[in-house]
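Structure first, commentary second.
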Amino acid sequence: MDFELSDEQRILKESVDDLLADVYRFEQRRKYMKEKGGWSRAIWSRLAQQGLLGLPFLEADGGFGAGAVETLIVMEALGRALVLEPYLPTVVIGGGFLRHGGSAAQKAAHIPSIVNGSRTFAFAQLEKSSRYNLNDVTTSAKKKADGWIINGEKLIVRNGENADAFIVTARTSGTQRERCGIAVFLVPATAKHISKSSYAMQDGLHAADVVLNGVEVGAEAAIGDVDNGLPLIERVVDEARAALCAEAVGLMDESLKMTVQYLKARKQFGVTIASFQSLQHRAADMFVALEQARSMSMFATMATAFADPTERARSIAAAKVQIGRSGKFIGQQSIQLHGGIGMTMEAKIGHCFKRLTMIEHTFGDADYHVRRVSESGALL
């Protein structure tokens with residue numbers, strides 16, 4: 001199988017890397033963190049001007065008709081630069097729901113505003129007892145004559161403070177963990193009876209807890225099948241997991257690079273510590289873990305196109321396992337090899353490890369996905 005990038009994909013990679021090298025040095029990132037919602041509107045506009053926000057959308061919908069490989073390229077670059085802007089919740093998740101389940105009217109109304117950077121999204125899915133279970137939903141959507149009334153609470157909604165619209169999962173029928181009776185709604189952030197409590201997370205990104213207390217939306221707010229929306233949710237979340245795998249690879253790649261540079265610069269007993277054989281072995285082990293993660297990230301990217309949802313889910317779960325294991329190993333080794341400096345807020349390496357840790361716990365950690373793979377009868 002050919003894993004070489006095409007000429008167009010190489011150009012994309014170079015352009016993204018050049019852009020982020022120019023506008024996203026670590027010192028600049030700390031300034032962006034202080035802006036409302038924890039990210040920069042100016043940088044978001046630059047991403048839009050570069051065409052990055054329109055990559056996965058069809059040309060007929062105003063996008064550029066790119067595929068999962070292009071998303072991988074962008075997410076790796078965003079990981080290396082520790083980008084704060086809401087590419088995942090807006091383009092990958094919000095855009096994913098519109099691409100796979102949106103009506104023609106919904107696509108026309110929302111995709112152009114994603115592409116030009118004027119609108120961002122947030123995925124309101126996690127609840128107090130749901131953990132990683134996508135069909136554990138207590139938020140309710142009750143039918144009324146001309147639409148729906150939504151009641152419930154969603155936790156750790158990334159980009160919840162700045163989002164212009166929420167993608168909300170809600171139950172239209174059935175009990176808490178039934179697979180049927182789950183719907184997806186597009187709810188304006190300005191709708192009445194929505195309250196938000198925002199906060200910064202450990203990795204520097206911002207999230208919000210969102211309460212919907214009798215929020216009324218029209219019938220046009222429903223995305224896809226209101227009685228059986230779980231397959232759509234699982235498909236989009238699998239694409240988000242694959243994108244997170246790519247972001248993690250970018251973070252691991254940057255962590256290894258910074259660690260090797262530090263080993264070559266740091267001196268002890270009159271020589272650089274990179275000359276110590278035991279540390280060379282540890283760096284080599286980190287490289288092996290990175291390449292294992294990179295190959296599984298590529299596999300996850302290909303798996304997003306699998307026609308069989310069971311095979312897709314199993315393959316991406318296996319990738320998430322390897323990403324979690326490699327990320328933990330590389331992150332811990334990087335911090336230890338940097339010594340005390342790796343624990344300071346001024347050192348980028350510690351922020352990389354924090355982000356890797358948050359990715360591990362987003363949409364399922366390694367232990368959760370090991371169980372999913374084992375229950376499917378596959379071997380890791």
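Read-outs throughout are calculated quantities, based only on the coordinates presented, and are distinct from any laboratory measurement. The model shown is predicted, which means the values in this text are computed figures rather than measured ones. Neighbour counts are summed over all protein chains in view; Cβ atoms, including those assigned to glycine, are modelled from backbone coordinates with ideal geometry.
Taking Cα atoms only, the orientation of helix 7-23 departs from the longest principal axis of the chain by about 80 degrees. Put simply, when 88-100, 330-342 are sorted by average Cβ atoms within 10 angstrom per residue, most first, you get 88-100, 330-342.
Computing Rg and the Kirkwood Rh from the Cα coordinates of the stretch 268-312 gives a ratio, Rg/Rh, of 1.40. With the cut-off at 27 Å, tell me which of the pairs Lys257/Lys328; Lys128/Lys354; Lys196/Lys320; Lys107/Lys354; Lys31/Lys354; Lys154/Lys192 have Cα atoms farther apart than that. Result: Lys196/Lys320; Lys107/Lys354 exceed 27 Å. For the peptides 365-377, 242-254, the ranking by mean Cβ contacts within 10 Å, running from highest to lowest, is 242-254, 365-377. Principal-axis analysis of the Cα atoms of the chain puts helix 366-375 at an angle of about 60° to the longest axis. Given the choices (1) 60, 57, 50; (2) 62, 42, 36; (3) 79, 48, 41, Cα extents along the principal axes in Å derived from the coordinates of this structure is entry (3). Under 19 Å of direct C-alpha separation, and excluding same-chain neighbours fewer than eight residues apart, Lys34 reaches these aspartates and glutamates: Glu85, Glu161, Asp203, Glu346.
How large is the Kirkwood hydrodynamic radius of the stretch 7-119, counting all unique pairs of alpha carbons, in Å? This gives a value of 14.4 Å.
Measuring between their Cα centroids, the stretch 297-312 and the stretch 32-87 lie 22 Å from each other.
Just to confirm the number: angle between the C-alpha axis of helix 230-265 and the first principal axis of the chain, 0 to 90 degrees, nearest 10? Orientation of helix 230-265: about 20 degrees from the principal axis.
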